[in-house]
Each structure stands twice: as C-alpha cells, then as structure tokens.
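The values are calculated or read from the model by the stated rules, or taken from the named source; none is laboratory data. Since this is a predicted model, take the numbers as computed values, not measurements. Counting neighbours? That spans all protein chains shown, and the Cβs are built from the backbone with ideal geometry, glycine included.
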Amino acid sequence: MKKTEHNSVIVMWERYLESIGESIDTTEKEYVSWHFEITEGAANKLAKLVLEGKKKATASSLWVYEWEGEPTPNEGDYSIITDWDGIAVCIIQTKRVEIIPFNLITEEHARKEGEGDLSLEYWRKVHEEFFIEECNSIGKEFTEDMPVIFEEFEVVYI
C-alpha cells in the first residue's frame, strides 16, 4: 500500500509523463516520493540544492533500507523529491548506484553531494552525525565501514 501523497506529487508525475509523450494510464514507469534528511530545515535545504543544480548525489544507509524492508535504488529509477511537507519539488532519475563503506567515500563523492564546502572533511562530519542518529533509531551502531548507498542522479523534471 502506497503512503498518502500530496496531490502535487501526482500532478508533477502526470505532467512529466505528458512531457515525454506518455500517459499515467499506459506508462510502465514507476516512482517513489521522498524528502531528504530527518529534519525540516535540512530536507528543504537539500531539495533547494538539487533545484540549483549543486546536489547531484545522495548517500543513504544500506542498513536502514534493510531494516525498513525497502528495495535499494537502481539505475533508471525515478524519484519525486518533496519538501518536508510532502510538496513535490522535482523529479530525478538515478544514474549510478554504488554500495561502498563509509570510510571509502572520496572527495569526488563529496563534491557530487553538493553540500557545505564540498570537502570530504565536511561530508564525513555531517554524514557521520546523520548516520549515528539513523543507526541509533534502528538499534545499530555506526561504524567506519558501514555500507553506504551512494546514488548519483539527474533532474529530469521541475
């Protein structure tokens, strides 16, 4: 059962499909909708970075996906990014997915995330804090070799 979505999500998906010559009634394309982060301020800030073309990737905990029983992202997947309140911001398409240990994230990965000063040091600081909180919420302990899903994407519709 799909969670209740803000009407703007469905409207954006319909408009995207129309823009590529498809219809909601006949398409085989599917999407998921979600917002970044676990706080309102961060969720809205990161969505804005995507709109500005600065954020082209995101990192997630594989453990959280497993705990929630959710499928991991795959190349070609569509996501409708929302703000904290669930209002559609844009549609992205996943271009590349890597599962790599936290401690093997590189400067290039950090730059693609588009956050802060784009440095690996900044990336590690904010993501370690985020992953510690996420791990605590599922009864796990953060480790330096924790598996991270690194997902690169492109905006396909605004």
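Considering each of 80, 100 in turn, give the residue that is in contact with a helix residue (DSSP H, G or I) (Cβ under 9 Å, 6 or more places away or on another chain), closer than 22 Å to residue 29 by Cα and either charged (D, E, K, R) or surrounded by 14 or more Cβ atoms within 10 Å (Cβ to Cβ) (or both).
Working: 100 fails: closer than 22 Å to residue 29 by Cα.
Criteria check complete, one pass: 80.
What are the pairs with Cβ atoms under 6 angstrom where one residue, in segment 126-147, is over 18 Å from residue 70 (Cβ atoms) and modelled with pLDDT of 95 or more and the other, located anywhere, is aliphatic (A, V, I, L, M) and assigned to a helix (DSSP H, G or I)? Sequence gap at least six, or different chains.
These pairs meet every condition: 142/132.
For segment 3-51, name all the residues that are closer than 30 Å to residue 120 by Cα, acidic (Asp, Glu) and in contact (Cβ under 8 Å) with a residue 60 or more places away in the chain.
37 - this is the single residue of segment 3-51 that is closer than 30 Å to residue 120 by Cα, acidic (Asp, Glu) and in contact (Cβ under 8 Å) with a residue 60 or more places away in the chain.
Taking the condition of being under 20 Å from residue 51 (Cβ atoms) and part of a helix (DSSP H, G or I), how many residues in segment 111-125 meet it?
3
Scan segment 67-88 and give yes if some residue there is closer than 20 Å to residue 129 by Cβ and of a type in the set (S, T, N, Q), otherwise no.
Looking only at segment 67-88, we keep the residues that are closer than 20 Å to residue 129 by Cβ, and these are 67, 84.
Filter once more, keeping what is of a type in the set (S, T, N, Q): none.
Checked segment 67-88: no residue is closer than 20 Å to residue 129 by Cβ and of a type in the set (S, T, N, Q).
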